[in-house]
Structures are given as structure tokens and as C-alpha cells.
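The values are calculated or read from the model by the stated rules, or taken from the named source; none is laboratory data. The model shown is predicted, which means the values in this text are computed figures rather than measured ones. Using ideal geometry, Cβ is built from the backbone for each residue, glycine included, and neighbour counts are taken over all protein chains shown. In case anyone asks, the SASA skips ligands and DNA or RNA and just uses the protein heavy atoms, side chains included. Shrake-Rupley method; radii C 1.70, N 1.55, O 1.52, S 1.80 Å.
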Amino acid sequence: VQLQASGGGLVQAGGSLRLSCAASGRDFNNYSMGWFRQAPGKEREFVTAVGRGGVTTYYADSVKGRFTISIDNAKNTVYLQMNSLKPEDTAVYYCAAVATPLRLPSTPGAYDYWGQGTQVTVSS
């Protein structure tokens with residue numbers, strides 16, 4: 001599976017962005033998809049994940065109620081809608097895939113495939 005993330009940019013606090021992660025390859029429905037982020041000088045942290053078909057989701061407490069993950073199986077694409085953005089959301093955002101469609105791991109090491117990252121900058 002190859003992953004291509006896009007949609008990052010510069011936005012003011014309180015604004016919104018939607019990230020996309022397009023997956024190529026086979027058996028997309030057999031993967032859970034996750035988003036992680038990494039700010040300068042910090043470790044990569046879990047943001048959210050979605051299971052096969054988009055039925056099950058899991059969010060970090062820091063983004064719960066503000067971010068929404070969704071999946072379009074027809075387009076092999078997972079989205080991250082980010083609302084009410086805060087300066088502390090500034091980071092490089094990565095999408096990832098793991099071949100466990102019913103589990104939603106929150107640790108980076110559990111994921112098998114990674115996209116290249118897209119920068120999100122939130123100004124105060």
C-alpha cells in the first residue's frame with residue numbers, strides 16, 4: 001500500500017482544514033487507517049484512526065470533538081476534517097495504514113505503511 005497525504009496549509013486559530021490520504025494498492029478494505037502528527041522536537045503522536053468501512057473510530061483526547069476522520073472506500077481515500085484549530089495543532093501530519101481492519105492501534109510502531117506527511121500550521 002502506498003499512501004499520499006495532502007491538504008495541509010496555513011490557517012488562523014479557529015479555522016478549518018481537511019486533509020486527504022489517498023491509498024494505492026490492493027485490499028484497501030483490509031486496512032485500518034490512522035493519522036499521526038509530529039511537532040518539532042516532539043515525538044510522533046496519535047491523532048485518530050478508523051476501521052474498515054468507517055464504522056469504528058478512535059480519537060486522541062486532544063482532538064475529540066474538533067477532528068473527524070472518515071473514509072471513502074470507493075476512492076481509497078481517508079479524510080481528516082479539522083475544525084476549531086489551535087496553535088498547538090501545528091505539526092506535520094502523517095497518514096498510516098495497518099493490516100488489521102478491526103483494530104485501531106494508537107502507537108506508530110503498530111502501523112505498516114506511512115504517507116510522506118503534510119504540514120499544518122495554525123497561527124494565533
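Okay, here's what the table says:
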| read-out | value |
| --- | --- |
| In sequence order, calculated HN-Hα J values of region 116-124 (Karplus, 6.51, -1.76, 1.60; Hz; x Gly/Pro) | 7, x, 9, 7, 10, 10, 10, 8, 8 |
| With all protein chains modelled, accessible area of T107 [1.4 Å, Å²] | 80 Å² |
| Exposed-loop-free span, longest in the chain, where trypsin sites (Lys or Arg not before Pro) count as exposed if DSSP calls them loop and at most 14 other C-beta atoms lie within 10 Å | 76-102 |
| Distance in nm between pseudo-label sites at K75 and Q119 (7 Å out along the Cβ direction from Cα) | 2.5 nm |
| For region 59-124, projected area of the alpha-carbon convex hull averaged over all directions, nm² | 5.2 nm² |
| With every protein chain in place, the chain: carbon and sulfur % of accessible area (1.4 Å) | 46 percent |
| Euclidean distance of C-alpha centroids, region 43-87 and region 96-119, integer Å | 12 Å |
| Proximal aspartates and glutamates to K42, defined as alpha-carbon separation beneath 17 angstrom and excluding residues fewer than eight positions away on the same chain | E88, D89 |
| Cα Rg over Rh - the chain, Kirkwood | 0.94 |
